[in-house]
1. Around B:V39, which amide H atoms from residues at least 5 apart in sequence, or from another chain, sit under 5 Å from its own amide H, with H modelled in the peptide plane?
2. Find the Cα radius of gyration of region A:132-184, compare it with 2.2 N^0.38 Å by division, and give the number to two decimals.
3. Considering Cα pairs under 8 angstrom that are at least six residues apart, work out the relative contact order of chain B and quote it in whole percent.
4. Over the Cα atoms of region B:48-179, each weighted equally, I'd like the Debye log10 I(q)/I(0) at q = 0.11, 0.19 Å⁻¹, rounded to two decimals.
5. Whose amide H sits under 5 Å from the amide H of A:D137, counting only residues 5 or more places off or on another chain, with H placed in the peptide plane?
6. Would you kindly derive the ³J(HN,Hα) couplings of region B:159-172 from the backbone phi angles with the Karplus curve 6.51 cos²θ - 1.76 cosθ + 1.60 (θ = phi - 60°), listing them in order in whole Hz, with x for Gly and Pro?
7. Normalised by the empirical 2.2 N^0.38 Å for globular proteins, what value does the Cα Rg of region B:188-239 take?
8. Counting partner chain Cβ atoms within 10 Å of every residue's Cβ in A:68-76, what's the average?
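The values are calculated or read from the model by the stated rules, or taken from the named source; none is laboratory data. None of the values given here were measured: they were computed from a predicted structure. A quick note on method: Cβ atoms are made from the backbone with ideal geometry, for glycine too, and the neighbour counts reach across all protein chains shown. What goes into the accessible areas is simple: the full protein's heavy atoms, side chains included, and nothing from ligands, DNA or RNA. Shrake-Rupley method; radii C 1.70, N 1.55, O 1.52, S 1.80 Å.
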Amino acid sequence: MTTQFEHNLENLRSKLLLMGQLANDSLQGAIKALLEGDSVLAKAVRVKDEEIDDLENELSEEVTSCLSTHAPVASDLRLLVSIIKISHEVERIGDEAKAIARRSRKTATPDFHQIPKMGEIAREMIQDALSIFVEYDEEKAKAIWTRDLEVDQLHKENNQFCQSLVEQDPTTSSSVFEVLFISKSLERVCDHAVNISKETVFMATSRDVRHAPEFKKSALRKELE
Amino acid sequence: MQEAPTANPENSSLENTEEYREPAIRIKELDFLYGNNQVIHNVTLDIFPKEIMAFIGPSGCGKSTLLRCLNRMNDLVDGARIGKGSIEIHGVDLHDKSVDVIELRKKVGMVFQKSNPFPKSIYQNVAYGLQIQGVKSKRTIDEKVEESLRKAALWEEVKDRLNENAYGLSGGQQQRLCIARTLAVEPEIILMDEPCSALDPVATGRVEELILGLKDEYTIVVVTHNMQQAGRISDRTAFFYLGKLIECDQTKKIFLNPSKQQTEDYISGKFG
């Protein structure tokens with residue numbers, strides 16, 4: 001028989017996944033709005049962010065209630081702590097999507113260089129991070145951290161690309177800077193996906209790998225080399 | 001019913017780690033029976049000096065029986081006996097013929113679930129143990145009474161009414177008085193059998209603070225049904241089920257990520 005507490009935990013899990021899916025949809029909407037110059041879609045993304053914020057508030061309230069009334073321990077405690085932390089990361093993804101949507105109106109450049117590729121990787125990384133929350137897979141988590149290095153490289157390439165555009169035609173700088181900010185937003189989104197997957201490792205195993213030296217970017221780069 | 005696994009010796013002893021210390025209490029392969037009813041099965045566990053060890057587990061799992069074995073309180077129960085194994089305190093087998101049970105119970109004091117002050121004054125409750133030990137000096141007894149009441153965090157509340165009947169104290173104060181009474185005879189180990197189960201949250205908080213304060217000087221073993229209490233006060237926690245030690249580990253580990261599913265299910269309230 002499922003207890004009320006177990007039922008509550010299941011609802012919280014579902015709500016977090018819904019929130020994650022909304023944030024990922026928002027991000028994809030923002031990128032589509034950017035690439036297609038779709039201002040209606042950009043506005044819809046900004047509105048959707050409120051829905052994501054509301055879900056974060058609901059999760060925060062419900063987790064607090066669970067903690068105070070059930071005093072959970074072990075895997076239940078780790079799940080609740082992780083839900084709070086992951087929901088914050090997801091909320092930040094929503095914020096970055098909103099920022100991209102806002103900036104999409106200010107860019108007039110025809111070439112977004114690595115932005116579409118970064119957007120696609122970000123989508124996959126968020127999806128993978130959410131999937132290991134549902135079904136834990138440490139190898140998949142590590143693949144997300146390695147994938148983040150690829151995104152960093154693409155952001156670096158965008159940086160160089162934008163620099164060369166400004167050097168060629170300084171009058172485009174304002175629009176080009178928007179692209180650079182968007183690239184930075186996507187790079188941050190992928191960092192949030194990494195954080196989600198690291199929280200998931202804690203949730204599943206109680207190991208805190210957030211600052212583990214072997215999983216820092218420098219160590220992962222060295223390993224790849 | 002799922003068979004309870006035997007205790008993992010790596011978890012119940014620190015012998016294989018760099019932190020190895022001589023245990024204050026060493027329980028080795030202990031079987032304990034009431035008549036033909038075996039209630040403790042092959043328990044091996046080390047308890048180290050100046051640590052707080054919590055025993056947890058559902059009712060009837062043998063935790064209180066094991067606690068009472070540690071100062072031979074079970075000697076008073078008809079048919080209670082050790083089947084096999086031993087309990088040693090600093091290397092001395094408790095059931096060795098040379099062991100004086102009265103001396104043992106001085107060294108290994110006990111605080112019970114329900115506070116049980118004597119129907120005497122507050123002062124007399126603490127002084128009693130000293131007096132039956134033959135301490136005659138009024139000054140020595142006065143000093144010891146004050147010291148014990150201070151250690152039990154009760155002195156400030158009772159210093160002006162030491163001659164009043166102990167029954168006039170609140171439940172929480174009575175329990176701290178019983179702790180003071182235990183401390184007066186200078187034990188090395190204190191056993192506590194659900195010491196807060198009859199107390200309100202404020203009194204429970206005071207007793208818990210007191211237990212934490214005593215840790216610097218005493219080895220403490222506490223049986224509790226309150227998981228949060230075990231989490232708050234103990235250094236290590238041992239989980240028992242059906243008379244078997246299922247898991248013993250650092251309390252933080254037990255409550256964050258226990259090794260055994262049975263432990264997780266019990267502390268999460270899924271059974272018991």
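1. It is B:F32, B:L33, B:Y34, by chain and number.
2. Details: Rg = 16.4 Å, N = 53, 2.2 N^0.38 = 9.9 Å.
Ratio of Cα Rg to 2.2 N^0.38 Å: 1.65.
3. Numbers: 518 pairs, mean separation 73.9, N = 272.
Reported as a whole number, the value is 27 percent.
4. For region B:48-179, the Cα-only Debye profile gives -0.51, -1.20.
5. none
6. 4, 9, 9, 4, 8, 7, 5, 4, 5, x, 7, 5, x, x
7. On the way: Rg = 10.3 Å, N = 52, 2.2 N^0.38 = 9.9 Å.
Relative to the rule-of-thumb radius for its length, region B:188-239 sits at 1.05.
8. Shielding by partners across A:68-76 averages 6.
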